[in-house]
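*Asks:* Quick one: this structure, given as structure tokens, is what I'll be asking you about.
Where a number appears in this text, it was derived from the coordinates with a stated rule and is not lab data. This structure is a prediction, so every number in the text was calculated from the model and none was measured. Glycine also receives a Cβ, built like all others from the backbone with ideal geometry; neighbour counts cover every protein chain displayed.
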Ligand SMILES: Cc1cc2nc3c(=O)[nH]c(=O)nc-3n(C[C@H](O)[C@H](O)[C@H](O)COP(=O)(O)OP(=O)(O)OC[C@H]3O[C@@H](n4cnc5c(N)ncnc54)[C@H](O)[C@@H]3O)c2cc1C
């Protein structure tokens, strides 16, 4: 039983590929359209909390993820300054339950590669270099216009999933006006060699950056980040990014001494991006087109739940689409009931923590982390 036999998914990020895996596995014909020519240039690292790992298990890739990530169960908090004293070591909550570590750090391209291979082996077709530019809906089908190297093309599907990220074209094409708004912060992230002993995330709040942190991603690798007031850093090269990051990292000690030395030598992967926030009010669908993941919601990664929520969108959408036998109001009601309050809570908590940081206010950050942790520990 399936609500639709044939689905077009726009975007081969985590939410698009996860949806593709679940639907293709259930026998639905799935085509994923991805504007980029391949999965390169995907950023540095990602922090996956237990509920994300549980979702990845549902997709059948947990063992591969475990083998290519770095798991840990504690977060260290240090003070700024050259001595960088350890202020606290807090156990991370195992939000996916006892079968998974509390947290795993991972190189983003590795996660993308694993999801892509799994989607293809489940039977999904993934077309790179294919941008969706227009969409029309009839009662029983959706027609997409594609821009490809070979010219324009039209395809028709029973359902279209807009998993096309922050700047979602699908969201715009179905008339949803909500857009990601910058929250005032920008983040440098560098993929670096993991110093000996840096075996879990450490955060420094304060000093010239709002947050200086890192997360191990493998036996020899990790990503390090610095959060600042947003600046126009368009066109930043890796060499410039390394130099600015090294300068900004000067007031931080402990493992940052090693990270800074690497940045001074120049690091190959340095990314800069602004934090954004938005939440599409329910419903996330218009007829036979639905937006999920960053197309539907985004927030500063202050509780590291963006990709986790994107994966949960996919898991719940996959569940309702394969359990109902038609695209009914009940199907959409269940999807929204299971997803919107949870994503809303994550966006609001993440925004609140970012606002406290921006205002240099001491809010109840731990209390909010606990609330979100309790919420996302439950199955979506
Ligand atoms: C600085 C930063 C740090 C973060 N850290 C974490 C973290 O540690 N942990 C965490 O859980 N989350 C984190 N997140 C959030 C996480 O990265 C996102 O929530 C997640 O990647 C969203 O996945 P997605 O599949 O919805 O979108 P995306 O990964 O953006 O994928 C969308 C895809 O759609 C494609 N596309 C766009 N338009 C079209 C079109 N018209 N036609 C075809 N294809 C199109 C794009 O090329 C892209 O590949 C962070 C976010 C930021 C900004």
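*Asks:* Could you work out [θ]222 nm for the chain from helices alone, using -39500 (n - 2.57) per DSSP H run of at least four and dividing by all its residues? Round to the nearest 500 deg cm²/dmol.
*Replies:* After summing the helix terms and dividing by the residues of the chain, the value is -11000 deg cm²/dmol.
*Asks:* Something else: From Cα pairs below 8 angstrom and at least 6 apart in sequence, can you work out the relative contact order of segment 1-90, rounded to a whole percent? Before the final figure, lay out each step's value.
*Replies:* Numbers: 72 pairs, mean separation 16.5, N = 90.
Reported relative contact order: 18 percent.
*Asks:* Let me ask another. On a 0 to 90° scale, report how tilted helix 306-323 is relative to the longest principal axis of the chain, with both axes built from alpha carbons and the result rounded to the nearest 10.
*Replies:* Here the helix axis deviates by roughly 20 degrees.
*Asks:* Among 46, 176, which comes first, second and so on when ranked by fewest other beta-carbon atoms within 10 Å?
*Replies:* With the sparsest Cβ surroundings first, the list reads 176, 46.
*Asks:* What fraction, in whole percent, of alpha-carbon pairs in segment 84-198 exceed 16 Å separation?
*Replies:* On the way: 5171 of 6555 pairs.
Taking all Cα-Cα pairs of segment 84-198, the fraction more than 16 Å apart is 79 percent.
*Asks:* Kindly express, to the nearest 10 degrees and within the range 0 to 90, the angle between helix 108-122's C-alpha long axis and the longest C-alpha principal axis of the chain.
*Replies:* Helix 108-122 sits at roughly 20 degrees to that axis.
*Asks:* Counting other beta carbons within 10 Å of each Cβ, put 191, 214 in order, fewest first.
*Replies:* Details: 191 20, 214 27.
Listing 191, 214 from fewest to most nearby Cβ atoms yields 191, 214.
*Asks:* Hey, how many Å between the Cα centroid of segment 4-27 and the Cα centroid of segment 321-350?
*Replies:* 17
*Asks:* For a bin width of 10 Å, list the pair-distance distribution of segment 184-275 built from all Cα-Cα distances, rounded to whole %.
*Replies:* Result, from short to long distances: 18, 56, 25, 1 percent.
*Asks:* Given just the C-alpha atoms of the chain, how large is their convex hull per residue in cubic angstrom?
*Replies:* Roughly 129 Å³ of hull volume per residue.
*Asks:* By count of other Cβ within 10 Å, fewest leading, how are 157, 297 ordered?
*Replies:* 157, 297
*Asks:* How many percent of DSSP beta bridges within the chain run antiparallel, rounded to 5? Mind showing how you got there, number by number?
*Replies:* Values: 59 of 78 bridges.
Rounded to the nearest five, the antiparallel share is 75 percent.
*Asks:* Express in whole angstrom the spacing between the alpha-carbon centres of segment 280-309 and segment 138-172.
*Replies:* Spelled out, the Cα-based centre of one part sits 18 Å from the other.
*Asks:* Also, quick follow-up: For the chain, what relative contact order do you get, as a whole percent, if you take Cα pairs closer than 8 Å and at least 6 residues apart?
*Replies:* 22
*Asks:* Taking the chain as the reference, fit the longest principal axis to its C-alpha atoms, fit the long axis of helix 238-248 to the helix C-alpha atoms, and give the angle between the two in degrees, 0 to 90, nearest 10.
*Replies:* 50
*Asks:* Once you have a ≥ b ≥ c as the square roots of the Cα gyration tensor eigenvalues for segment 173-228, tell me rounded if a/c is under 1.5, and otherwise prolate or oblate according to whether a/b is larger than b/c.
*Replies:* oblate
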